[in-house]
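Below: one structure, written as structure tokens.
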Amino acid sequence: MAKYLWQVSYTREGMEGVLKEGGSSRKTIVEKMAQNMGGSIESFYFAFGDTDVYLIGDFPSNVDVAAIAMTVSAAGAASVKTTVLMTPEEVDQATQKVVEYRRPGE
């Protein structure tokens, strides 16, 4: 499974929901959503600043993660930024790939 980082920013309505239901409730809901999509949540943290929640999760595919991010964003209570995470070993594999490339203008 691949790892993903989600940066979640709540709208006013979303934060009102957190105030009403609490942070633990939100974490439980997200963990259940991940399990239903064949994934799991490794870490879930609330934060100060522009991003309200940072999550790291394991999921079977980009398609599953895209479906979750689109559904959450379409609900209108939060916006989601998704980042694919790579292990050091995956970077090692990438360094061994031969890529044909020419810089613009060369």
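A short reminder: the numbers here are calculations on the coordinates, not readings from a lab. If you're wondering where the values come from, they're calculated on a predicted model, not measured in any experiment. Because the Cβ atoms are built from the backbone with ideal geometry, glycine has one as well, and the counts that use them run over all protein chains shown.
Of note:
- Whichever residue in the stretch 5-54 is hydrophobic (A, V, I, L, M, F, W, C) and under 16 Å from MET70 (Cα atoms) and, among such residues, is nearest to the chain's Cα centre (by Cα): TRP6
- Filtering SER40, SER25 for residues that are under 13 Å from LEU5 (Cα atoms) and either in contact with a helix residue (DSSP H, G or I) (Cβ under 9 Å, 6 or more places away or on another chain) or surrounded by fewer than 18 Cβ atoms within 10 Å (Cβ to Cβ) (or both) leaves a single hit, SER40.
- Among residues of the stretch 69-97 that are touching a residue at least 60 places away in the same chain (Cβ under 8 Å) and over 17 Å from ILE56 (Cα atoms), those with a beta-carbon under 9 Å from a residue that is β-branched (Val, Ile, Thr) and surrounded by 11 or more Cβ atoms within 10 Å (Cβ to Cβ) at least six positions away or on a different chain give the pairs GLY76/THR11; ALA77/THR11.
- Filtering the stretch 20-42 to residues that are over 13 Å from VAL8 (Cβ atoms) and not in a helix (DSSP H, G or I) leaves GLY22, MET37, GLY38, GLY39, SER40, GLU42.
- Scan of the stretch 1-19 for residues that are in a helix (DSSP H, G or I), touching a residue at least 24 places away in the same chain (Cβ under 8 Å) and not hydrophobic (A, V, I, L, M, F, W, C), ordered by number: GLU13, GLY14, GLY17
- Here is the figure for the stretch 54-83: residues that are among the polar types (S, T, N, Q), outside any strand (DSSP E or B) and either within 14 Å of SER9 (Cβ to Cβ) or in contact with a helix residue (DSSP H, G or I) (Cβ under 7 Å, 6 or more places away or on another chain) (or both) total 1.
- Under the condition of being more than 15 Å from ALA2 (Cα to Cα), among the hydrophobic types (A, V, I, L, M, F, W, C) and under 16 Å from the mean Cα position of the chain (by Cα), the residues counted in the stretch 76-104 number 3.
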